[in-house]
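Readers should treat all values here as calculations from the given coordinates under stated rules, not as data from a laboratory. Keep in mind that this is a model prediction, so the values were computed, not measured. So basically every Cβ, Gly included, is an ideal-geometry build from the backbone, and we count neighbours across all protein chains shown.
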Amino acid sequence: MRDPAPAVRRSAGPRRMRSPASGQPLTALLPLLAALLGGAGAQYSSDLCNWKASGLTHELRRKEVEQVYLRCSEGTVEWMYPTGALIVNLQPNTFLPPRHLTVCIKPFKYSSGANIYLQKTGELNLLVRDGDRGSGRVQCFGLEKGGLFVEATPQQDISRRTTGFQYELMSRRMGLDLHTLSAPCSPCSHTEVLLAVCTSDFVVRGSIQDVTHEPERQESTIHLRVSRLYRQKSRVFRPAAEGAGWQGHVRTLLECGVRPGPGDFLFTGYMHFGEARLGCAPRFKDFQRMYKDAEERGLNPCEVGTE
């Protein structure tokens, strides 16, 4: 069996795109955007977490950009009958600076009618293209890299169009989140494993009982039998029906190539959009060795039983 976290190719960064609607370079839209912002409407959600509105409140022939301000760590944006454009400003109510926060968005399965871009100082980088049926894939970026620009695409009939997505803001726990979000199949370094034990949403010792694949989501579900539960959130793992240990499942990318097989692992991970996602997962004997070495040198960030 291959280890749960074999190496994976790192994807290239976002490229400057052309607007599918007009064929013009997206940077050419920025002067228009700046001109429109002077008269752009500002939309504030009632609970500061979720925003829902209709494009039918606009004059359909008028190009309009609206500002949306949200101040929560998670929520939703739902734009019915999209026309014009939105600028979604995520301003979390936290003392952490933007460079310490990661933003992730997950489009609704039915989302259509607009493109979603990452916007920063003269550039628009395409995150989700209108009509992309694989749009359920999560997209993440550092909050300091910019905000979200949602541009409606020209439609002859907007009556059945709704653009929507969930968002989450996560603190970067000493760089660990960026590793697990951007390169979930890459093996973790010793330092990353030791940090994961201290900071992950769940930490368990167990084995892989089965793996089921979902090609349409490009994901795999790993079914675990857990012999020791160090920490968990949201009751990911529950007592086994046989009365010994716990059982539960976590998700990872299909391309990671996880397979069932013998051996104990230390499984760590985090909750993401209500699902348990696999983080660092070394073989347990390897974890014991690296933990003992760090302990002897006084470099363990926290204490955990390794027997």
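Structure notes:
- Residue-span extension gain [R297 to L254] - 0.36 nm each, minus C-alpha spacing: 11.7 nm
- Charging the Cβ of each Asp and Glu at -1 and of each Lys and Arg at +1, and nothing else, the dipole of the range 176-296 about its Cα centre rounds to 360 debye.
- Sorted by Cβ density within 10 Å, fewest first, the residues C188, C280, C256: C188, C256, C280
- For T153, the shell of other residues with beta-carbons less than 10 Å away shows a net charge of 0, using +1 for Lys and Arg and -1 for Asp and Glu.
- Separation of the alpha carbons by more than 30 angstrom is noted, of K106/K285; K233/K292; K106/K292; K106/K233; K145/K292; K120/K233, for K106/K285; K106/K292; K145/K292; K120/K233.
- Between amide H atoms placed 1.01 Å from N, distances below 5 Å from L148 occur with V88, L90, Q119, all of them 5 or more places distant or on a separate chain.
- Under 5 Å from the amide H of L127 lie the amide H atoms of I116, Y117, L118, each residue being 5 or more positions distant or on a separate chain, with H modelled from the backbone and absent for Pro and chain starts.
- Computing FRET efficiency as 1/(1 + (r/R0)^6) for Q288 and D157, where r is the C-beta to C-beta distance and R0 is 51 Å, gives about 0.25.
- With 0.36 nm allotted per residue and the present C-alpha distance subtracted, the R129-H213 stretch has 27.7 nm of extension available.
- Efficiency of FRET between A241 and N93 - r from beta-carbon atoms, R0 45 angstrom, step 0.05: 0.60
- Subtracting the Cα-Cα distance of T306 and L48 from 0.36 nm times their residue separation leaves 88.5 nm of extension gain.
- Summing charges over all other residues whose Cβ lies under 10 Å from the Cβ of E144, with Lys and Arg as +1 and Asp and Glu as -1, gives +3.
- Charge sum, other residues only, whose C-beta stays under 10 Å from S227's C-beta, Lys/Arg counted +1 and Asp/Glu -1: +2
- C185 long-range amide H proximity, modeled H, under 5 Å: none
- Note on K109: lysines with a C-alpha under 19 Å away, same-chain residues under 8 apart excluded, are K52.
- Within the range 61-110, the proportion of Cα pairs with more than 13 Å between them is 67 percent.
- Karplus 3J(HN,Hα) series, Hz, for the range 164-170 with 6.51 cos²θ - 1.76 cosθ + 1.60 (x for Gly, Pro): x, 7, 8, 9, 9, 10, 10
- By the Stokes-Einstein formula, at 0.890 mPa s and 25 °C, the range 176-296 with its Kirkwood radius over alpha-carbon pairs has D equal to 169 µm²/s.
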